[in-house]
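Have a look at the structure below, then the notes.
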Amino acid sequence: MASTTSLAKRLLLGRPFRSDKLQHTLLPKRIALPVFASDALSSVAYAPDEILLTLSIAGAGAFVISPWITLAVAIVMITVVASYRQNVHAYPSGGGDYEVATVNLGPRAGLGVASALLVDYILTVAVSTASGVNNLGSVVPFVADHKVPIAVGAIAILTALNLRGLRESGTAFAIPTYAFIIVIVGMILTGLFRVFVLGQDLRAPSADLVITAEHSNLTSFAFAYLLLRTFSSGCAALTGVEAISNGVPAFKPPKSKNAATTLMLLGAIAIIMLVGIIVLSRLTHLQYVEDPTTQIVSGPPNYDQKTVTAQLGETVFGHGFLLYVVGAVTALILFLAANTAFNGFPVLGSILAQDRYLPRQLHTRGDRLAFSNGIIFLAIAAIVLVVAFQAEVTRLIQLYIVGVFVSFTLSQGGMIRHWNRLLRTQRDPARRAKMIRSRAINAFGMGLTGAVLIVVLVTKFLLGAWIAIAAMLVIYVTMLGIHKHYTRVAQELQPTDERPVLPSRNHAVVLVSKVHMPTLRAVAYAQATRPDTLTALTVNVDDKDTRAIQDEWERRQIPVPLTVVDSPYREISRPIIDFVKGIRRGSPRDVVTVFVPEYVVGRWWENLLHNQSALRIKGRLLFEPGVMVTSVPWQLRSSQDRDLERFDRTLSRGPSRGPRTHPTSGETTNEEART
């Protein structure tokens, strides 16, 4: 029978997939849209909130500017979508911004993009789940009172779903994503119909509040700065756009065409929803402030400020069933928005691991052909942020979007150099015209996203963006250190043209703690290897025990000399190390093989009662040059109760290495096949 752990794993993750089933996990456009676009689509649930609450600093009169701020954000969105459509056609291998920057701007620029994206992916999970809890808390008070544990639970559920595999998680997320689109667009159309066709005067629950500005009599410069800060907060709507360019290999063929089409659909839907919510907010006179306790000077007692979408749902649909539908689908899409990061982060981590910038463990696939280690690492990092910032969206959002605009800007700069390189050799007029048009799009995109990046850095640096920048620098330096380590190890292990020199002699040492069956088996095995010299070694920490070993050794007439090493301070490892060093001291070409008898137990807790001395000794001997350590197992009766066939099946289901070409192609190189 399978163990409890194995049963729980199969229940949560499902049966493992064979490596040759990788092609069956590729996504059609209808599934790829919710998988990769849920982050950008869900941003309409918190980007309007950030726009309005930032404008509230200048008072209620500043809300009239919100449509113009939204229009500017929409222009940036259109530009970024058009630019990334060039990326997915030019670089369909899945490296996305990292590959574009590395190939065209150099490894250091690529590493900068990668560090920015890794931070952004972690923040995407934290911000999305925190915002989902916040929206759900607007409808269900219990959720508002327990934000942190509910957010952590949501991340854990998303982790389990993604560990089941890309296609299966995409199918599970498709229905909620499409439900969110239908409900929000339906709410916008219903509200506009009631206002413009039926002529109804819709007023949001916050329309009659009297609010005061946090800073009255703002100077022209201060007001301009506030508008820039509002614009930078609204640009949170662009997060997640880059995920499609990083996930092109996950699409069904033709990959680039399907990815570009999905990207266009994403941009169109996100812009319609964002603009629609802001326009409807102005028509219903909705107000949303940064600090309700100080800014609201007149209103209902114990006023509880709800999110923008919750207020619009109440205004358009009333207090009935549809209001709860709006709250539920909004919260759900925000939870699922983290799925974009769960698909982007592990793939990028796998590519970076393949290039030796991250640990190789991030390059391996799990039972369900997902990059399990990357998924788990992302979940842990996001949970740390959620707990540290108490799931407060307003605090987390200040760390957000810095990384994504760093990658936007460097990626577009890399694409300009890409087109310049191709134009130097291209002579076909039609193709040259197409390349020049693509270069112009990327150049405009670089200029616009670069300007937005400067605005974000200026307006958000002291509000918390410095934390994200510091995290990027730490990750950047860490990846450089990892790459340096792997490079140094590879150089050390590089074989030379010289033939390896055979050792002059092999000296065998059998460690003896007692004269029992494991020791006798180790002595017999050592004799069978026919070493040049063979001795048994015991450490004298107790005179009585040592004499008993010597007497039993002589009584059994074991044909191997027994050497006793005194240890006046009762230490075992150091005398053995010194003895082994003494053997090798005479000739560097000699090797010493140390045979260590060990117990094989069948229960985990029995390991705590046995083999501790053997582990310490082996750990010390591994650092000694010219010393080989051989374990000689002795199976205790409890180990015979193990289901060895099931144990073998478990070992055979270990994670397979990812391919060298790109993470979702089913091909591997000869080098990895050998490893």
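The values are calculated or read from the model by the stated rules, or taken from the named source; none is laboratory data. Values in this document were obtained by computation on a predicted structure and should not be read as measured data. Methodologically, a virtual Cβ is constructed for each residue, glycine included, from the backbone with ideal geometry; neighbour enumeration extends over all protein chains shown. Just so you know, the surface numbers come from the protein's heavy atoms only, side chains and all, with ligands and any DNA or RNA stripped out. Shrake-Rupley method; radii C 1.70, N 1.55, O 1.52, S 1.80 Å.
Here are the numbers for this structure:
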read-out	value
Among the residues listed as 613, 587, the single one being touching a residue at least 40 places away in the same chain (Cβ under 8 Å), under 24 Å from residue 516 (Cβ atoms) and of a type in the set (S, T, N, Q)	613
Residue under evaluation residue 645, criteria (1) loosely packed, with under 13 Cβ neighbours inside 10 Å; (2) part of a loop (DSSP other than H, G, I, E, B); (3) at pLDDT below 65; (4) not small (Gly, Ala, Ser), criterion not met	(2)
Condition check for residue 325: β-branched (Val, Ile, Thr) and open to solvent by 40 Å² or more (accessible area, probe 1.4 Å)	no
Residues being modelled with pLDDT of 90 or more and not in a helix (DSSP H, G or I) - total across region 425-438	0
Failed item, numbered, when residue 121 is tested on (1) over 19 Å from the mean Cα position of the chain (by Cα); (2) on the phi < 0 side of the Ramachandran plot	(1)
Residue that is surrounded by fewer than 16 Cβ atoms within 10 Å (Cβ to Cβ) and modelled with pLDDT under 85, where the choices are 462, 399	462
Subset of region 328-349 (residues that are farther than 14 Å from residue 379 by Cα and either of a type in the set (S, T, N, Q) or open to solvent by 10 Å² or more (accessible area, probe 1.4 Å) (or both))	328, 329, 330, 332, 347
Scan of region 492-530 for residues that are hydrophobic (A, V, I, L, M, F, W, C), under 22 Å from residue 587 (Cβ atoms) and surrounded by 10 or more Cβ atoms within 10 Å (Cβ to Cβ), ordered by number	508, 509, 510, 526
Residue match in region 442-450 (condition: touching a strand residue (DSSP E or B) at 6+ places or on another chain (Cβ under 8 Å) and either more than 15 Å from residue 120 (Cα to Cα) or among the acidic types (Asp, Glu) (or both))	no
Helices (runs of 4 or more DSSP H) contained entirely in region 265-358, each with at least 2 residues that are out of contact with any strand residue (DSSP E or B) (no Cβ under 7 Å at 6 or more places or on another chain) and without any contact (Cβ under 8 Å) to a residue 12 or more places away in the chain	321-354
Tally of residues being open to solvent by 10 Å² or more (accessible area, probe 1.4 Å) and either within 12 Å of residue 131 (Cβ to Cβ) or at pLDDT below 85 (or both) across region 58-67	3
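Rundown of residues vs (1) open to solvent by 50 Å² or more (accessible area, probe 1.4 Å); (2) modelled with pLDDT of 90 or more; (3) within 22 Å of residue 386 (Cβ to Cβ); (4) charged (D, E, K, R), yes/no style:
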| site | (1), (2), (3), (4) |
| --- | --- |
| 154 | no, no, yes, no |
| 163 | no, no, yes, no |
| 174 | no, no, no, no |
| 183 | no, yes, no, no |
| 186 | no, yes, no, no |
| 191 | no, yes, no, no |
| 195 | no, yes, no, no |
